[in-house]
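Structure in structure tokens, see below.
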Amino acid sequence: MATFVEDGDPACNPTNWNVGVHSSHASLFDPTRLNISNWVENYRAVGAKHAVLTAKHGCGFLLWNTSTTLPNGTEYPFAVARSSYPSFQRDVIAEFSSTLGAAGLGYGYYYSTGNNYFLNRDGFKRIGNPLPGQVDLTDEQYNILVFEHVKELWTRFGSLFEIWFDHGVSADQDQQLAALLKQYQPQVVGFNGQGIMTSPIKFVPNKPAARCAFLLHSS
């Protein structure tokens, strides 16, 4: 049994979702009572053997201390543990990995490859003229940042049990993502990983949402 933690959008501010000026900033994410050991107790209580945490949802906020930069050379500002911006000064992904690993539970991460409203992206495509507060990138620049983000997730935090590609991957991402997976996490299973990995999983399509299960492909 597994559990999925879908979180990470600072303050759930609607401007993260491209409906107005992108006024959110990293300091809005401030869970001062964060206690991942308590999460582990609850995972065990329900019988979960591994957990997947949202490392980056569609708004573009990162729950780890990324070293990536924007094309102009400045640090990626919409994340925890920023040096140039007020922000939550704990690496949530690092804590999640170490805490679950010490407890003997598997872990992994969800990363939306197609949506990043901070970077003016929806469904892998540039949305249009950027709103104030958004960063506008070319397709090539956007994909380079995606590859740099997932490389950090797949190299910094040990052996992962499961990863999620929300919305799958695009045709101009699949080969590079497949190569990175093969190099750094060949053992991992992946939701929406069809075509780029040996063990993709997907929702069983004929089940109600409340009873949704996963199907594991062995090849």
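The values are calculated or read from the model by the stated rules, or taken from the named source; none is laboratory data. Bear in mind the structure is a predicted one, so any value in this text is a computation, not a measurement. All Cβ positions, glycine included, derive from the backbone under ideal geometry; neighbour counts span all protein chains shown.
Taking segment 131-149, which residues are in contact with a Leu (Cβ under 9 Å, 6 or more places away or on another chain) and modelled with pLDDT under 95?
Answer for segment 131-149, where residues must be in contact with a Leu (Cβ under 9 Å, 6 or more places away or on another chain) and modelled with pLDDT under 95: Q134, V135, D136.
Looking at segment 167-177, is at least one residue within 26 Å of L34 (Cα to Cα) and either of a type in the set (A, V, I, L, M, F, W, C) or surrounded by 17 or more Cβ atoms within 10 Å (Cβ to Cβ) (or both)?
no
Next question. Given the conditions (1) more than 22 Å from Q176 (Cβ to Cβ); (2) assigned to a loop (DSSP other than H, G, I, E, B); (3) touching a Gly at 6+ places or on another chain (Cβ under 8 Å), and given that S87 satisfies all but one, which numbered condition is not satisfied?
Failing condition for S87: (3).
Right, next: Quick check: is even one residue across segment 101-114 farther than 30 Å from A171 by Cβ, in contact (Cβ under 8 Å) with a residue 60 or more places away in the chain, touching a helix residue (DSSP H, G or I) at 6+ places or on another chain (Cβ under 8 Å) and outside any strand (DSSP E or B)?
Yes, the conditions are met somewhere in segment 101-114.
A quick yes/no check of all residues on (1) over 20 Å from R121 (Cα atoms); (2) among the hydroxyl-bearing types (S, T, Y); (3) part of a helix (DSSP H, G or I):
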{"residue": "H149", "(1), (2), (3)": "no, no, yes"}
{"residue": "E152", "(1), (2), (3)": "yes, no, yes"}
{"residue": "I163", "(1), (2), (3)": "yes, no, no"}
{"residue": "S170", "(1), (2), (3)": "no, yes, no"}
{"residue": "Q176", "(1), (2), (3)": "no, no, yes"}
{"residue": "A179", "(1), (2), (3)": "yes, no, yes"}
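Please enumerate the residues belonging to segment 171-195 that are over 13 Å from W154 (Cβ atoms) and either touching a helix residue (DSSP H, G or I) at 6+ places or on another chain (Cβ under 9 Å) or modelled with pLDDT of 85 or more (or both).
Those that are over 13 Å from W154 (Cβ atoms) and either touching a helix residue (DSSP H, G or I) at 6+ places or on another chain (Cβ under 9 Å) or modelled with pLDDT of 85 or more (or both): D172, Q173, Q175, G195.
Restricting to segment 51-99, and then to whatever is crowded, with 17+ Cβ neighbours inside 10 Å and among the polar types (S, T, N, Q), can you tell me which residue is nearest to the chain's Cα centre (by Cα)?
This residue is T54.
Next question, about the same structure. Between a residue in segment 125-139 that is at negative phi and assigned to a loop (DSSP other than H, G, I, E, B) and any residue that is surrounded by 10 or more Cβ atoms within 10 Å (Cβ to Cβ) and among the basic types (K, R), which pairs come within a Cβ distance under 7 Å, given they are 6 or more apart or on different chains?
The qualifying pairs are I127/R121.
Additional query: Would you check if there is a residue in segment 100-111 being closer than 23 Å to D30 by Cα and surrounded by fewer than 22 Cβ atoms within 10 Å (Cβ to Cβ)?
yes
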